[in-house]
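Down below is the structure, laid out as structure tokens.
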């Protein structure tokens with residue numbers, strides 16, 4: 001609505017030498033103050049793979065709201081996408097809690113924030129653990145020459161694996177895992193990464209059958225394996241002799 005106001009002005013005289021002037025009309029036009037419209041709240045969608053916010057208005061200004069109450073003004077591209085990779089210096093390791101559509105301050109004002117929860121962490125390049133250089137000690141059924149207190153995977157011939165930990169001396173005793181290894185062959189050893197800065201190593205290959213691990217029976221001496229039979233046989237013979245002597249003594253007494 002436009003209003004027109006007419007104002008008449010008079011210059012007042014001093015009434016000694018001058019009198020009031022004639023009235024002069026002034027036309028003043030006023031405009032109705034415009035009402036600013038609030039921008040529509042965004043409905044952006046975060047794509048974690050590309051680190052982008054999609055589904056926005058193309059070539060438009062937005063404001064990222066962070067968890068520390070600071071803001072960063074950004075602009076969507078022709079496809080209505082805000083690629084956060086373009087603002088890594090500002091968004092890295094900070095949580096984006098909201099997105100606001102920025103108004104032009106003439107006809108529109110900023111929208112309400114769309115709630116978001118986006119955290120882009122600095123990615124650390126992970127290195128591969130060194131391939132083990134273990135040696136198998138068949139006499140003790142142990143892997144030696146390993147890193148102390150380290151986790152390893154024993155890879156088995158059926159595709160499964162057993163996670164084990166080396167001692168302070170860098171030794172893995174397979175005797176502790178007989179029940180899990182029964183009937184299987186160890187085909188390799190892998191050093192496990194911490195999944196923070198390192199990943200699993202390549203495979204150190206082995207071919208260790210269960211018989212080379214649980215070798216108790218095969219490593220016994222002749223006396224260990226058959227001694228008990230000999231002892232039993234000797235016992236039977238001695239018992240027979242004693243029985244014969246007792247029999248002869250009793251028979252001799254009867255004949256007197």
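Each reported figure results from applying straightforward, stated rules to the coordinates on display, with no laboratory input. None of these values were measured; they are calculated from a predicted model. Here the Cβ positions follow ideal geometry from the backbone for every residue, glycine too, while neighbour counts run over all protein chains shown.
Of note:
- If you sort the three axes of the alpha carbon gyration tensor as a ≥ b ≥ c, you get a/c of 1.5 or more for the stretch 127-212 and a/b above b/c, which makes it prolate.
- The label-point distance for residue 12 and residue 107, in a model that sets each label 7 Å from Cα toward Cβ, rounds to 4.8 nm.
- With the simple spin-label model, which puts each label point 7 Å out from Cα in the Cβ direction, the residue 214 to residue 60 separation comes to 7.0 nm.
- Annotation: the antiparallel percentage among DSSP beta bridges lying fully within the stretch 64-120 is about 90.
- For the stretch 122-171, the Rg and Dmax computed from alpha carbons only, in angstrom: 13.3, 49
- Beta bridges per DSSP with both ends in the stretch 127-212, % antiparallel, nearest 5: 90
- Mean separation of Cα contacts under 8 Å (6+ apart) over length of the stretch 38-119, as relative contact order %: 35
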